[in-house]
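Please treat every number below as a calculation from the coordinates, not as lab data. Values in this document were obtained by computation on a predicted structure and should not be read as measured data. Using ideal geometry, Cβ is built from the backbone for each residue, glycine included, and neighbour counts are taken over all protein chains shown.
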Amino acid sequence: MKTNLDDKYYLFKELEKSESSSQRELASQMGVSLGKINFILKALISKGWVKMENFVQSNNKVGYRYILTPDGITEKLRITKAFIRRKEEEYERIKSELEEAKQGISN
């Protein structure tokens, strides 16, 4: 499985909101499977963009928080710029298609 830029963008965005979200909570917030979140987080951790720290331990369960590293912040900015560019292009394409459809209706 390969992670796409949108997945990384949305995960970085969620991590920025709350470093202490569990993988299950992140999956729910993003509307993806727990396995996919686990896969993406492992990839981001292996690249050094996110680090994982223990922060709570109770009844043999360990809570983790996911923190963006300085390299992760740089990567988040790069991905955000690419996301914006892609969405602006998509917006212009859709706007053009809507104009075409409106012209077709009025003719």
Q: Within the set of other residues whose C-beta is less than 12 Å from the C-beta of PRO70, count the net charge using Lys and Arg as +1 and Asp and Glu as -1.
A: 0
Q: Express the relative contact order of the stretch 5-106 as a whole percentage, based on alpha carbon pairs under 8 Å and six or more residues apart in sequence.
A: 26 percent
Q: Report the calculated FRET efficiency for ASP6 and SER106 (r = Cβ-Cβ distance, R0 = 30 Å), to the nearest 0.05.
A: 0.30
Q: Calculate the dipole size of the stretch 21-107 relative to its Cα centre from +1 charges on Lys and Arg beta carbons and -1 charges on Asp and Glu beta carbons; express the result in debye to the nearest 20.
A: 420 debye
Q. Using the membrane-span-like helix rule (whole DSSP H runs, Cα extent along the own axis of at least 15 Å, mean Kyte-Doolittle hydropathy at least -0.5), which helices of the chain qualify?
A. 34-46
